[in-house]
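The values are calculated or read from the model by the stated rules, or taken from the named source; none is laboratory data. The structure presented is a predicted model; accordingly, all values stated were derived computationally and were not measured. In this analysis, Cβ positions are derived from the backbone assuming ideal geometry, glycine residues included, and neighbour counts consider all displayed protein chains. SASA here: full protein model, heavy atoms, side chains in, ligands and nucleic acids out. Shrake-Rupley method; radii C 1.70, N 1.55, O 1.52, S 1.80 Å.
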Amino acid sequence: RQRVCASGRMKGSMQNSFWQVSLPRGLRYQSSLSTRPLQGAQVSKGGLMLAPNPFSTALRVQFELGYPEVAEMDIWDIQGKQVFAQQLSLEQGQQEMVWTPEGVGAGIYQVRIRTSGKTYSAKAVLLR
């Protein structure tokens, strides 16, 4: 696992601005200041939003943090095999990651974000 710290440059207006950083292959991170929810997102009981769901090429994962902290993002297939794991150092506010699955087939995947105070979890369907 690799620790990633958010840094970058501000883009866009204050309502829709974000920080974008380069991460290891398969994950893109944005710390968004926008308060608008993801269009077509399915929200889990814990507040994790996935869009689009089902998806075919990329899945946007969004949630809110009350303060800066380290989080872990894990993705598991239906057989319980971990297909993705990443540790992230995140800022306070709305968080958005984009997972572009590589080397995995169509199916149901469990997306989990763990922080020191909360675990977010939701299911996503990958269509190929």
Open item on the list: What's the total number of residues in segment 84-112 that are open to solvent by less than 60 Å² (accessible area, probe 1.4 Å) and part of a strand (DSSP E or B)?
Closed with: 18
TODO: Kindly provide the set of residues from segment 58-114 that are of a type in the set (D, E, K, R) and touching a strand residue (DSSP E or B) at 6+ places or on another chain (Cβ under 8 Å), ordered by number.
DONE: 60, 64, 69, 72, 74, 77, 91, 96, 112, 114
- [ ] Quickly run through segment 50-83 and pick out the residues that are part of a strand (DSSP E or B), open to solvent by 30 Å² or more (accessible area, probe 1.4 Å) and of a type in the set (A, V, I, L, M).
- [x] 70, 83
